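Colleague: The structure is given below, and queries will be raised subsequently.
The values are calculated or read from the model by the stated rules, or taken from the named source; none is laboratory data. Treat the numbers as computed from the prediction; the structure is a model and nothing was measured. No Cβ is skipped: glycine too gets one built from the backbone with ideal geometry, and neighbour counts run over all protein chains shown.
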Amino acid sequence: MRENLVINDTISKKDTIVVKKEALEDILRTKADDQRRDVPKRMTFLIKNAQVKYQDMQIDADYISIDDNKNLIYARGKLDSLGKIIEPVITTQGGKKYETNEFQYNTKTRQAIAYNARTEESEGVIVANKTKKYNDSVFAMRHGIYTTDEYFIKKKDTAADYHLLASNIKLIKGKNKTQVVTGPIQMYIERVPTPLIMPFAILPFSDKRSAGILIPSFGEREDVGFFLNGLGYYQPIGEHFDLKVLADIYTKGSWNLRPEMNYVKKYRYSGNFAADVGTTVRGIKGLDDYTKNRTYRIAWRHTQDTKANPFLTFSASVDIVSTKFYNNTINNNYIFNQNVLNTQQNSTVTVTKRFLKLPATITGTASYSQNFATGFADLRLPQMNVAINQFYLFKSKTGMRQGLLENITVNTGLNLTNFVNTEEGELFKKEMWEKMQTGLKNNIGLNTNTTVAKYFTFSLGANIDNALTTKTLNRYYDPVKSAVVDEVDKNISGYSTFSTSASIQTTLYGMLKFKKGSKIEAVRHMMTPGISFTYSPDFGDSKFGYYRNYYNANGELTPYSIFEKGIVGSPTSGMMGALGLTIGNNVEMKVKSKKDSTGMKKIKLFESLTLNANYNFAAKDHPWSMITLNGQSSFFDNKLSVNTRLSLDPYKTIYLPGQDTGIRTEDFGSFSVQGFDVQLSYPLSSEIFGEKVDYAKKYSSKGEIRNENYYFDDDNYARFSQAWTLNVNANYAYSRGTTRTGNKIASVGLDGSVKLTPYWNISGSTHYDMITKQLAYGRIGFSRDQRSFTINFNWVPFGQYKVYDFFIGIKANILSDALKYKDRSFTQPDAPF
């Protein structure tokens, strides 16, 4: 309904038209710069700054007409000289504001029709060509778009950076929740259509968790083809649970289903269950390279709130996978976060009981450890530990503990373990139970110390171990099989061992001062020397019965422990009467520095440099142990971290012609290098090398709308902070033993990111093996911040898994459930499942 009128009559803005009571349920109040009443037609026309108030509705427009015969109110926005709407009609009802080009309202039926209506709901806005209001709760829209672009909502930009387009939209308002239900809906980026099309959508405008479709990432992987990764649905279940079901689909036939359930009870506990079940298909069926592997993963995390019960706690970290799971994973997240390099998987369930009055803690544990290289798994079920809190054996007479007797402390505990090493297919079967071992261990530690001659700390200690086990070993050589046979005797047996120790330690300081004018003021050296003596008898002696002998293939009498390969371990053989030497060092240097407020700066040359060696007086051969030197330091304001370890053999090793394995002699004084490790870590960043710039003060103008993060100089060049990080890790390890050449490991790892612009970020990581001269692993990622959504691209260009992954995600919280850009649930979005 359109009318173009020229009104010359003028009526005061304060005039009010009162119509018959039977036509309206309330008084209709109007005002305008110009008003006209056509009595025969029962029409009222309001021109310029027109306003109508009826019940809880207010209409503000450039032009309004009121038809009493049809019970219609028509409003139109302000027109320019070309007839284009330049100012909208603003309708306010129930605290909500609506903007339209044209608006028509029936006062009798309370239905309304609006053209080019703009409706703001929560964080987003809906703009529809035509909107029909059926009642205060239901609105139907034709050809509508929805976006959460902040600039478009605030009218800073005429085009949204993204929008969702639907031909039919229904807006349903309730007391506690408002939601939009659409027909087929398509995503546009910068007005360009994308292939992301959904048959329907439900957008819930509520602070509460609500169901929604999970948008997948897409890409290609060399071994399994093109894919959709993470397609699924999210469904909250009551107040304490939610469920997420994800699917990974590949064009070569691989698939994976990933249900996940999260739960939480405030101030009590939280956790989640997750599973991966799928099939990996590689190659072409009928050809030699065709493989089909079924995989599974079951995971459970449970955490108890510390406030729930301080005397009884329960936690779980269960992660059980099929042996070839990571080699055949369909979930690309395991590739990008390097889980495919895992060689072991561990699971633990723990219950801990504490007491208010008893000085004891009881811990029950069930653990499962998988080794993917061997295919075997270690299961401990159950394992119980009873720890007695440390206590003093004697009371103090004066309140201040003095002397060796008053400082005697006792540490003791009891550990019960059921252990089995088994294959994946034997779990909880007869074969596994036959291999199961049960062991009980008790340890008693007595320690005391006192100060001698003011500067020396003298310590004494004694350690007693008691063990029981249900299985022992019987070993013999079978001449028929020409092999050593190990038989397991199912009987209860045990052992007891003890050892004693004494040590004395002190701290020495040394200072080297330099002449005036030197940049170095002084070097301080702190040395912590210590001498210890340890004694334990020879538990390999036949009188203890812990060791037996058998004749090997050469007829030689060979000793073995009956507890060998057992859960409680074997007692030591050979008498120990060893003198140990430890020298700890700390070296710091004080230099002049203009950057420091004190004018001086401390540099740690060696945070620690420790020498260890011992001599066993009871040993029949090679009484000297390996001599080790461990060092730790940091440089460049503690940025560069260096850890080193050096191992020296004091005895000479000789090599026979043609032999790569040598013989260690009794010739003392060789000090050959048997092992050397060095690890370096250096985190670099723009903050370390870059000068901080106050762009607001340095440059005259700042960008607007899409360029608000840029500053412009006098030549109109954009200026911005280019933040970057680069973590450099290097590792070198050399081990020799008695071999002629030894083994070397050397690698360099890089991990970093750089902001090309305030909206573009590049991240990546790689490792280079300097021995094989190959890149062991590499990943590169690109992300684009597009105001209200982000674009992520991850790529692994080489290695066993060559894959790229592309994902578009909307930031707005209101769509985090509907489109699930962020996994909005009880757990953190970066949870391990």
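Colleague: Could you list, in sequence order, the residues of the range 541-575 that are under 27 Å from residue 623 (Cα atoms), surrounded by fewer than 17 Cβ atoms within 10 Å (Cβ to Cβ) and among the aliphatic types (A, V, I, L, M)?
Modeller: 557
Colleague: While we're on this one: Just the residues that are assigned to a loop (DSSP other than H, G, I, E, B) and under 30 Å from residue 727 (Cα atoms), please, taken from the range 610-666. Steps first, answer last, please.
Modeller: Going through the range 610-666, the residues assigned to a loop (DSSP other than H, G, I, E, B) turn out to be 617-623, 625-626, 636-639, 655-660, 662.
Once the filter is applied, which keeps residues that are assigned to a loop (DSSP other than H, G, I, E, B) and under 30 Å from residue 727 (Cα atoms), the range 610-666 yields 636, 637, 638, 639.
Colleague: If residue 239 meets every condition in (1) part of a loop (DSSP other than H, G, I, E, B); (2) in contact (Cβ under 8 Å) with a residue 24 or more places away in the chain apart from one, which number is that one?
Modeller: Condition not satisfied by residue 239: (2).
Colleague: Hey, another quick one. Exactly one of these conditions fails for residue 518: (1) part of a strand (DSSP E or B); (2) surrounded by 11 or more Cβ atoms within 10 Å (Cβ to Cβ). Give me its number.
Modeller: Single failed check for residue 518: (1).
Colleague: Which numbered condition in (1) more than 26 Å from residue 138 (Cα to Cα); (2) surrounded by fewer than 17 Cβ atoms within 10 Å (Cβ to Cβ); (3) among the hydroxyl-bearing types (Ser, Thr, Tyr) is the only one that residue 44 fails?
Modeller: The failed condition is (2).
Colleague: Across the range 464-503, what is the number of residues that are among the charged types (D, E, K, R) and either surrounded by 11 or more Cβ atoms within 10 Å (Cβ to Cβ) or touching a Phe, Trp or Tyr at 6+ places or on another chain (Cβ under 9 Å) (or both)?
Modeller: Counting residues in the range 464-503 that are among the charged types (D, E, K, R) and either surrounded by 11 or more Cβ atoms within 10 Å (Cβ to Cβ) or touching a Phe, Trp or Tyr at 6+ places or on another chain (Cβ under 9 Å) (or both) gives 6.
Colleague: Another question, then. Considering each residue of the range 401-441, count those that are of a type outside the set (D, E, K, R), surrounded by 15 or more Cβ atoms within 10 Å (Cβ to Cβ) and assigned to a helix (DSSP H, G or I), and give that number.
Modeller: Residues flagged as of a type outside the set (D, E, K, R), surrounded by 15 or more Cβ atoms within 10 Å (Cβ to Cβ) and assigned to a helix (DSSP H, G or I) within the range 401-441 amount to 1.
Colleague: Which ranges mark the strands (runs of 3 or more DSSP E) fully within the range 706-808 that have 3 or more residues being within 26 Å of the chain's Cα centre (by Cα) and at pLDDT below 85?
Modeller: 774-785
Colleague: Return the pair list, or none, for Cβ contacts closer than 9 Å from residues in the range 174-185 that are in the same structural domain as residue 199 (by TED's automatic domain parsing) to residues that are of a type in the set (Asp, Glu) and modelled with pLDDT under 80, at least 6 apart or on different chains.
Modeller: 178/121; 180/121
Colleague: Report yes if some residue within the range 652-664 is in the same structural domain as residue 744 (by TED's automatic domain parsing), within 30 Å of residue 531 (Cβ to Cβ) and surrounded by fewer than 16 Cβ atoms within 10 Å (Cβ to Cβ); otherwise report no.
Modeller: Yes, the conditions are met somewhere in the range 652-664.
Colleague: Only one residue in 791, 762 is outside the structural domain of residue 663 (by TED's automatic domain parsing), β-branched (Val, Ile, Thr) and within 30 Å of residue 157 (Cβ to Cβ), so which one is that?
Modeller: 791 is the lone residue from the list that is outside the structural domain of residue 663 (by TED's automatic domain parsing), β-branched (Val, Ile, Thr) and within 30 Å of residue 157 (Cβ to Cβ).
Colleague: So is residue 283 closer than 30 Å to residue 418 by Cα and without any contact (Cβ under 8 Å) to a residue 24 or more places away in the chain or not?
Modeller: Here the answer is no, as residue 283 does not meet what is asked.
Colleague: If you go through the range 422-429 one residue at a time, do you hit one that is among the basic types (Lys, Arg), at pLDDT 90 or above and farther than 20 Å from residue 499 by Cβ?
Modeller: Step one: filter the range 422-429 for residues among the basic types (Lys, Arg), giving 429.
Subsequent filtering for residues that are at pLDDT 90 or above retains none.
Scanning the range 422-429 turns up no residue that is among the basic types (Lys, Arg), at pLDDT 90 or above and farther than 20 Å from residue 499 by Cβ.
Colleague: Please go through the range 129-167 and give me each residue that is of a type outside the set (Ser, Thr, Tyr) and assigned to a helix (DSSP H, G or I), ordered by number.
Modeller: 150, 152, 153
Colleague: For the range 266-286, name all the residues that are over 25 Å from residue 805 (Cβ atoms) and either assigned to a loop (DSSP other than H, G, I, E, B) or modelled with pLDDT under 90 (or both).
Modeller: 266, 267, 268, 285, 286
Colleague: Got a sec? Which of 54, 98, 63 is under 23 Å from residue 153 (Cα atoms), buried (at least 17 other Cβ atoms within 10 Å of the Cβ) and not acidic (Asp, Glu)?
Modeller: Among 54, 98, 63, only 98 is under 23 Å from residue 153 (Cα atoms), buried (at least 17 other Cβ atoms within 10 Å of the Cβ) and not acidic (Asp, Glu).
Colleague: Going through the range 392-424 one residue at a time, which ones are among the charged types (D, E, K, R) and within 30 Å of residue 470 (Cβ to Cβ)?
Modeller: The answer is 423, 424.
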